[in-house]
């Protein structure tokens with residue numbers, strides 16, 4: 001991407017971020033601590049940008065462009081986390097040939113902080129996923145997948161806590177039901193647990209026991225299923241819990257121009273965001289923490 005073109009796209013994205021603010025009343029920015037959350041989902045091995053003849057996705061995406069965006073935002077605010085909501089694997093010949101090695105190496109070069117596991121990350125089997133872990137210089141979280149009787153045992157944590165500028169950020173992961181979606185031979189003895197029950201427990205631990213200022217769920221259960229309204233999704237997860245501040249979603253390839261606001265079980269706002277698929281967009285959400293005042297947030301999806 002030419003530098004001039006990048007600057008034009010970045011400026012447009014910043015304007016969108018400001019105009020699409022969520023709950024941002026007047027506050028003293030000089031006193032507020034700003035935490036930036038960047039995120040991707042369902043990148044599906046799309047290393048290179050789409051070509052000029054690729055319809056609505058023409059000239060979008062690509063790891064190099066995402067790296068430039070991420071670097072620019074980190075310079076603007078060092079208190080930034082970069083997260084991925086799963087389905088890193090499967091979708092281009094890069095995965096067919098390298099088996100996930102390239103994806104993990106590139107994510108490591110971008111300094112991803114954390115990721116969760118999607119159903120397609122089992123496409124080379126759980127042994128194939130395990131074999132690529134040495135190439136990932138970041139950790140994985142999944143609270144509702146029990147890997148105790150698999151090679152992934154001890155390699156996936158339920159949650160991870162970060163501290164940025166004195167702000168404590170707890171992040172836990174959730175995965176989709178694998179039965180009926182992934183061949184049993186691919187995930188072997190991985191045990192799936194109900195995501196809502198697990199989320200209630202995880203978010204309570206992070207908010208109350210660990211005293212996190214911000215609780216984030218990295219979710220690969222899907223944004224919403226209009227044809228199956230009772231199926232667990234990010235919207236129902238938000239409604240059923242009370243300690244989650246942000247749900248970063250995946251699986252359904254849902255393109256949201258800015259985060260959805262949903263009320264939780266006690267009437268407080270939960271932000272839910274997802275940036276479609278294939279690395280076409282980078283999600284950005286800024287949280288502002290000011291002593292003695294409610295946390296404010298502002299978010300948008302930035303075109304890559």
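Residues considered: 235, 206, 218, 214. Of these, the only one that is surrounded by 24 or more Cβ atoms within 10 Å (Cβ to Cβ) and more than 16 Å from residue 42 (Cβ to Cβ) is 206. With respect to the conditions (1) in contact with a helix residue (DSSP H, G or I) (Cβ under 8 Å, 6 or more places away or on another chain); (2) under 23 Å from residue 246 (Cβ atoms); (3) surrounded by fewer than 19 Cβ atoms within 10 Å (Cβ to Cβ), residue 117 falls short on a single one, namely (3). Of all residues in the range 206-235, those being under 20 Å from the mean Cα position of the chain (by Cα) and assigned to a helix (DSSP H, G or I) number 4.
If you check 255, 289 for being more than 19 Å from residue 118 (Cβ to Cβ) and in contact (Cβ under 8 Å) with a residue 40 or more places away in the chain, only one passes: 289.
Output the residues belonging to the range 160-194 that are surrounded by 15 or more Cβ atoms within 10 Å (Cβ to Cβ) and under 16 Å from the mean Cα position of the chain (by Cα). Of everything in the range 160-194, those that are surrounded by 15 or more Cβ atoms within 10 Å (Cβ to Cβ) and under 16 Å from the mean Cα position of the chain (by Cα) turn out to be 160, 162, 169, 170, 171, 172, 173, 174, 175, 176. Within the range 135-159, the set of residues being surrounded by fewer than 20 Cβ atoms within 10 Å (Cβ to Cβ), assigned to a strand (DSSP E or B) and either touching a helix residue (DSSP H, G or I) at 6+ places or on another chain (Cβ under 9 Å) or touching a residue at least 40 places away in the same chain (Cβ under 8 Å) (or both) comprises just one member, 146. Taken over the range 60-114, the residue count meeting the criterion of being assigned to a helix (DSSP H, G or I) and without any contact (Cβ under 8 Å) to a residue 60 or more places away in the chain is 19.
Within the range 248-301, the set of residues being more than 19 Å from residue 218 (Cα to Cα), part of a strand (DSSP E or B) and either touching a helix residue (DSSP H, G or I) at 6+ places or on another chain (Cβ under 8 Å) or at pLDDT below 95 (or both) comprises 296 only. Each residue in the range 97-114 was checked for being farther than 21 Å from residue 64 by Cβ and either buried (at least 22 other Cβ atoms within 10 Å of the Cβ) or out of contact with any helix residue (DSSP H, G or I) (no Cβ under 9 Å at 6 or more places or on another chain) (or both), and 1 pass. Number of residues in the range 115-134 that are in contact with a strand residue (DSSP E or B) (Cβ under 7 Å, 6 or more places away or on another chain) and not in a helix (DSSP H, G or I) equals 4.
Looking only at residues of the range 258-270 that are surrounded by fewer than 24 Cβ atoms within 10 Å (Cβ to Cβ) and in contact (Cβ under 8 Å) with a residue 40 or more places away in the chain, we find that the one that is nearest to residue 86 (Cα to Cα) is 258.
The values are calculated or read from the model by the stated rules, or taken from the named source; none is laboratory data. No experiment lies behind these values; they were computed from the predicted model shown. For neighbour counting, all protein chains shown are included, and Cβ atoms are generated from backbone atoms with ideal geometry for every residue, glycine included.
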